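Structure record follows, encoded as structure tokens.
The values are calculated or read from the model by the stated rules, or taken from the named source; none is laboratory data. The structure presented is a predicted model; accordingly, all values stated were derived computationally and were not measured. Here Cβ is always computed from backbone atoms with ideal geometry, including for glycine, and neighbour counts include all displayed protein chains. Just so you know, the surface numbers come from the protein's heavy atoms only, side chains and all, with ligands and any DNA or RNA stripped out. Shrake-Rupley method; radii C 1.70, N 1.55, O 1.52, S 1.80 Å.
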Amino acid sequence: MAYEVVALGGGNACGYLAKELVALGLQPGKLAIVTDEAVVAYERPALSKAYLFPEGAARLPGFHTCVGGGGERQTPEWYKEKGIAYLTNSRVTAADVAAKTLTLASGEVLSYQQLVIATGADPVRLADFKAPGAELGGIHYLRNVADADALLAAVAAAKAAGNKAVVVGGGYIGLEVAAGLSLLSVNAAAAAAAAAAAAAVVQAVVVGGGYIGLEAVVVGGGYIGLEVAAGLSLQGLDVTMVFPEQHLMARILTPELAAFYMAYYEAKGIKLLKGQLAKEFKGDGKVSSVVLSDGSTLPADLVLVGAGARPASGLFAGQLTLDKAGGIVVDGSFKTSAEGVYAIGDVASFPLLVAGGALVRQEHVTHARSSAAQAAKALMGANPAPYDYQPYFYSREFNLSWQFFGQMEGAEQVVSWGVLDAAAAAASAAPGGPSPKFGAYWIKGGKVIGAFIEGAAAEESAALKAVTAAAAAAPADVAELKAQGAAWALSKL
């Protein structure tokens, strides 16, 4: 089958690409989207957040793209109405960039004039680190809705049997899943593992708890570990987080900021084990325990791995220019090294203008959406200005909601503000407790290049985004930042 444009991947970015192409006038019958998933594009962040809630949980079709960006819910019917061929359950086994073809597992060959690669990133597997027991049953990963459904089914089965669950992962997903599992009445323990060389390995183990005595272990203290731990805790599990660093979210949070979140999680009943790795997984066909680096053993009937992700670019190795990590190198319009081929979202390694054009990858839904819009304009001949992206991250766990704007690399000073002590954390963690409000500014060369805030109002978020995008001059006396907090940013608008 031949199409003018083929989008490969089917994730967030593909949904937003379709929206933009339709808006720009692409005619019916010109676009095909190819995915190995059984459903059309959806807002993937929901999987480690509301999807895990024991009550009022997010379910499809409620979070198909583009509702997360304030747009229309693009159900399968939407794509049909727009004349877009959406090929679900269609795994691509080979790509020939020179011939402009994709071969499906069914043997069908698709040809295209222009290709948009939106394959995202694949979860790092325990087998990648040769962890003993990586092949055991009962070990889960959280990347798509099928994974989330399998995880929830395993939690339900563990609760029914009174068994134990383990979550391996320490990033967004780990934190949120742990919170969700806690609400489902499973106890969670979180542990973090790091890869050799420079790459940290985040892993999570959940061992059932809650009212049925299940315990959960989350391996990893990053985004995934925090979110999974929160999700498991919300599911009613007792949660323990195990991570190799000395504090949570070591790549973003300062020790002072991290101390609040650690105190908060402990007040929620989540145990934190610093400086530990998950070294081995044991069981007879199915995981039953996890061995830590200090030789201790955690019982576990269910494991969730959140050890990070890698760009899913294997189909194009040797055909397109890749960076050292496997990201597909693109320009400011998301054009790759091959004519008529674009790459967007997590898989793309693009020039970040605010960092002097350094090639970076951004694994975040905001970038997935905006890179899709940029590529759509380029392939429709709109000749957009070079992509000028401001890094942005956010996460939500329990009654917490934090955001980070801008950059932190090369910062010479970090100035925190607000109440960050353990007592405040415990008060916020208590049932019906107040939502916390605090943050920090990153300063480089006398300019504010990054900002973090917990519990922001909409106008505060807008102000912090603006001052970091402009790299506003920091006050001569940075004590003003500590005294004024977000009000300083508001005063600059």
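Couple of notes before you dig in:
- Within region 88-103, if we keep just the residues that are surrounded by fewer than 19 Cβ atoms within 10 Å (Cβ to Cβ) and under 28 Å from the mean Cα position of the chain (by Cα), the residue that is nearest to E339 (Cα to Cα) turns out to be A94.
- Checking each residue in region 319-360 for being surrounded by fewer than 21 Cβ atoms within 10 Å (Cβ to Cβ), of a type in the set (D, E, K, R) and over 17 Å from V97 (Cα atoms) picks out D323, K324, D331.
- Taking the conditions (1) surrounded by fewer than 22 Cβ atoms within 10 Å (Cβ to Cβ); (2) at pLDDT 90 or above in turn, V116 satisfies each one other than (1).
- Considering region 57-77, the residues that are assigned to a loop (DSSP other than H, G, I, E, B) and open to solvent by 40 Å² or more (accessible area, probe 1.4 Å) include one that is nearest to E20 (Cα to Cα), namely E72.
- Filter result for A426 (small (G, A, S) and open to solvent by 40 Å² or more (accessible area, probe 1.4 Å)): yes
- On the stretch given as region 465-492, residues that are at positive phi and open to solvent by less than 20 Å² (accessible area, probe 1.4 Å) total 1.
- Any hit, region 298-318, residues being surrounded by 17 or more Cβ atoms within 10 Å (Cβ to Cβ), among the aliphatic types (A, V, I, L, M) and modelled with pLDDT of 95 or more: yes
- Single residue of A378, A385 found to be modelled with pLDDT of 95 or more and either open to solvent by 50 Å² or more (accessible area, probe 1.4 Å) or assigned to a loop (DSSP other than H, G, I, E, B) (or both): A385
- Here P436, P475 are screened, and the one residue that is assigned to a loop (DSSP other than H, G, I, E, B), farther than 19 Å from L257 by Cα and at pLDDT 95 or above is P475.
- Looking across region 16-37, the residues that are open to solvent by 10 Å² or more (accessible area, probe 1.4 Å) and either assigned to a loop (DSSP other than H, G, I, E, B) or at pLDDT below 95 (or both) come down to L24, G25, L26, Q27, P28, G29, K30, D36, E37.
- Listed conditions (1) over 30 Å from T336 (Cα atoms); (2) open to solvent by 70 Å² or more (accessible area, probe 1.4 Å); (3) of a type outside the set (G, A, S) are all met by E409, apart from (1).
- Cβ-Cβ distances below 6 Å connect the following pairs, each with a first residue in region 85-106 that is assigned by the TED database to the domain that holds V34 and free of Cβ contacts under 8 Å to residues at least 12 places away in the same chain, a second residue that is polar (S, T, N, Q) and part of a strand (DSSP E or B), and a separation of six or more residues or different chains: T101/S111; T103/T93.
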